[in-house]
Amino acid sequence: MTGLLDHLNVKGLTLKNRIVMPPMHTGLATRQGSVTESLIEYYARRSKMLGLLIVEHSYVRLEGKLSKKQLGIHEDNLILGLEDLSSRVHSVGTPIVIQITHAGQEASKEITGLDPVAPSPNKGARKLRTDEIESLIEAFVTAADRAMRAGFDGVEVHGAHGFLLNQFFSPLTNLRQDGYGGSFENRTRFPLEVVKRVKKIVGGRLLLYRLGSDDLDPAGVKVEDSRKFAVQLEKAGVDIIDVSGGLCGSRPKQLEEMQGYFVPQAEEIKKAVNVPVIGVGGIKEAEYADRLVKEGRVDLVAVGRELAKDPDWTLKAAEALRVQGKNR
């Protein structure tokens, strides 16, 4: 029976176990979005015994920046620092990918100096013109190219937590009447175009998609929509689907006390696709994470806040599960 500590082969890359460190904002980059030694040390400290490390959300264009000290991947002069980061994590034998994102209407002009953009006018953001969408796709493509040049094992396209690609997918934020809004097909058009174009750049390396699977709103995205979208993402070349929240964000208050609160959505999506699926949501206990994999509910388990608090969580979890196995 496959468990949390068993390896997983994805596209010729071997993950030594099923534990994933998900992308979490650290605030350790410079105001210009550059890697710092503190940021490298933060990830290096937590990378031991991980199956896969996903570096925090990195903005592909300045107007899509969310916070003052957010990591950037929008300029070539950032590549050297990103290469230092990937090399340090590789030195302990852990695969590393980086999440690329655009905050859309969640971005702030106070931080960027630029007007935020969105599928539809909302929160002070202006509506994107159709001709601007191509340049945004290209921004994701060039960001992915920088990640490849910096030595990452792949990229994760961020389509969750109410950011730009998620805003296009959700009928709550996408009120367009053109080819990028209205129907399910139109609302997924922009995210899928990003994925297809990024896939060409990533080539044989990993392509992940963080899917905003549920808005937790009757009028928004539901898991049934995300199952259909996941099938299209797989067809477009996504190698791993990382299932999280939609407009409700990564830590919805109504679910936060429940361990594995987005696992039910991940489980439903796993039934619809043939690629590995990551489950997430306030997971704290190694035994619980191990059970999720053994029961076939998910293929990989993301442990975020516990790793942020305790850099040795993975080492302790592995030891606890080994001891448990010997005592049976």
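The values are calculated or read from the model by the stated rules, or taken from the named source; none is laboratory data. None of these values were measured; they are calculated from a predicted model. As a convention, Cβ positions derive from the backbone with ideal geometry for all residues, glycine included, and neighbour counts pool all protein chains shown.
Residue-wise test of (1) within 23 Å of R251 (Cα to Cα); (2) touching a helix residue (DSSP H, G or I) at 6+ places or on another chain (Cβ under 6 Å); (3) not small (G, A, S).
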site	(1), (2), (3)
V275	no, yes, yes
A286	yes, yes, no
R291	yes, no, yes
R305	yes, no, yes
L315	no, no, yes
R322	no, no, yes
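With respect to K284, is the statement that it is surrounded by fewer than 18 Cβ atoms within 10 Å (Cβ to Cβ) and touching a residue at least 60 places away in the same chain (Cβ under 8 Å) true?
Considered against the rule, which asks whether it is surrounded by fewer than 18 Cβ atoms within 10 Å (Cβ to Cβ) and touching a residue at least 60 places away in the same chain (Cβ under 8 Å), K284 comes out as no.
When the stretch 111-136 is filtered for residues that are within 23 Å of the chain's Cα centre (by Cα) and either surrounded by fewer than 16 Cβ atoms within 10 Å (Cβ to Cβ) or in a loop (DSSP other than H, G, I, E, B) (or both), the ones remaining, listed by number, are P116, P119, E134, S135. The residue that is farthest from A160 (Cα to Cα), counting only those in the stretch 13-39 that are more than 21 Å from the chain's Cα centre (by Cα) and in a loop (DSSP other than H, G, I, E, B), is T36.
The selection criterion, being buried (at least 21 other Cβ atoms within 10 Å of the Cβ) and either among the small types (G, A, S) or modelled with pLDDT under 95 (or both), does not hold for A308. Please work out if A320 is modelled with pLDDT under 95 and either in a helix (DSSP H, G or I) or buried (at least 18 other Cβ atoms within 10 Å of the Cβ) (or both). Answer is yes for this residue.
Residues are listed down the side, and each one gets a yes or a no for (1) within 18 Å of V238 (Cα to Cα); (2) of a type in the set (G, A, S):
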site	(1), (2)
G181	no, yes
N186	no, no
V195	yes, no
R205	yes, no
V221	no, no
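Taken together, the residues in the stretch 183-225 that are part of a loop (DSSP other than H, G, I, E, B) and either crowded, with 24+ Cβ neighbours inside 10 Å or within 18 Å of the chain's Cα centre (by Cα) (or both) amount to 6. Of all residue pairs spaced 6 or more apart or on separate chains, those with beta-carbon atoms under 8 Å, a first member in the stretch 148-161 that is surrounded by fewer than 24 Cβ atoms within 10 Å (Cβ to Cβ) and a second member that is at pLDDT 95 or above and charged (D, E, K, R) are M148/R205; R149/E83; A150/E83; G151/E83; D153/R205; H161/R210. Residues in the stretch 237-281 that are surrounded by 19 or more Cβ atoms within 10 Å (Cβ to Cβ), without any contact (Cβ under 8 Å) to a residue 60 or more places away in the chain and of a type in the set (G, A, S): G260, A266, G279, G281.
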